[in-house]
Amino acid sequence: MQLTFSCTPSALKNIEGTISPARLGRYAGSAGVDKQKALQLYVWNARLCEAFYLPIQLCEVAIRNAIHGALENKHGDNWYERGSFLCTLPKRLREELDGVIKDERSVYGAGMTLNHIVSGLSLGFWLHLLTKNYEGVLWPNSFATTFPNKPGHIDRDSLYNMVNSLRIHRNRIAHHKPVFDRQPTAELQNLMTLIKWVCDDTFWFTKTISTVQQTINQRP
């Protein structure tokens, strides 16, 4: 859908006041003095964020579940209670884990499952398990099964950087920040590559339903 709207000068002034001149001004570098164009870029950026939502969700879930599989294989399905794992976590992530368990238990009681815990933890929690702290603890024999389609030359550090890029991009979208000038095509390629390394069929599915590239092509 092309962005063909046009506002009267008074309406544009009021909309700018609502959004804030500083926020709309973020798009001035690409729109020049044309505030109408800046508003069109603002709306296009919002639609780009919307288009990214589903593939980001699929990628995050795929990465989270893949890393969880390696964690479960190493420590068992009660890994969240195992001292051998808990002692590897920094204080902030131990507190996050404890908080998630407490919150999920308050909702589900005795019906709380491991899936509730896994889905409640942040992407930052799973990203931490790709740091060098786990190089010799979790990953020596797990890469091939966790990321079966990953090229052999891609090491843990490279994978960490890719997932971290996903996290940063996702957080920018969640906080309504501009992503249109943050290499959206490269970010799309990054998350699609991560999905492919986990599962070819999920890669095909995501590619089939994604509208990110079409939205990028609709830049006003």
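Cα gyration tensor of segment 92-200, axes a ≥ b ≥ c as square roots of the eigenvalues: rounded (a/c below 1.5), prolate (a/b > b/c) or oblate?
The shape class here is oblate.
For segment 158-209, a simple Cβ point-charge model (Lys and Arg +1, Asp and Glu -1, everything else neutral) yields a dipole of about 220 debye relative to the Cα centre. Between Asn190, Asn115, Asn133, the GNM of the chain built on Cα springs shorter than 10 angstrom shows Asn115 fluctuating the most. Taking the longest Cα principal axis of the chain as reference, the axis of helix 35-75 is set at about 0 degrees.
Going through [x] 147; [y] 158; [z] 113, the figure that equals volume of the Cα convex hull per residue in Å³ as computed for the structure here is [y].
To the nearest 10 degrees, how steep is helix 91-108 against the longest Cα principal axis of the chain, on a 0 to 90 scale? Orientation of helix 91-108: about 90 degrees from the principal axis. The mean sequence separation of alpha-carbon pairs under 8 Å and at least six residues apart, normalised by the residue count of segment 9-216, gives a relative contact order of 29 percent. Mind pulling the angle between the C-alpha long axis of helix 9-19 and the longest principal axis of the chain? Nearest 10 degrees, somewhere in 0 to 90. Helix 9-19 and the main axis of the chain meet at about 20 degrees. The mean sequence separation of alpha-carbon pairs under 8 Å and at least six residues apart, normalised by the residue count of segment 68-188, gives a relative contact order of 22 percent.
Where a number appears in this text, it was derived from the coordinates with a stated rule and is not lab data. Treat the numbers as computed from the prediction; the structure is a model and nothing was measured. Virtual Cβ from ideal backbone geometry, glycine too; neighbours counted across all protein chains shown.
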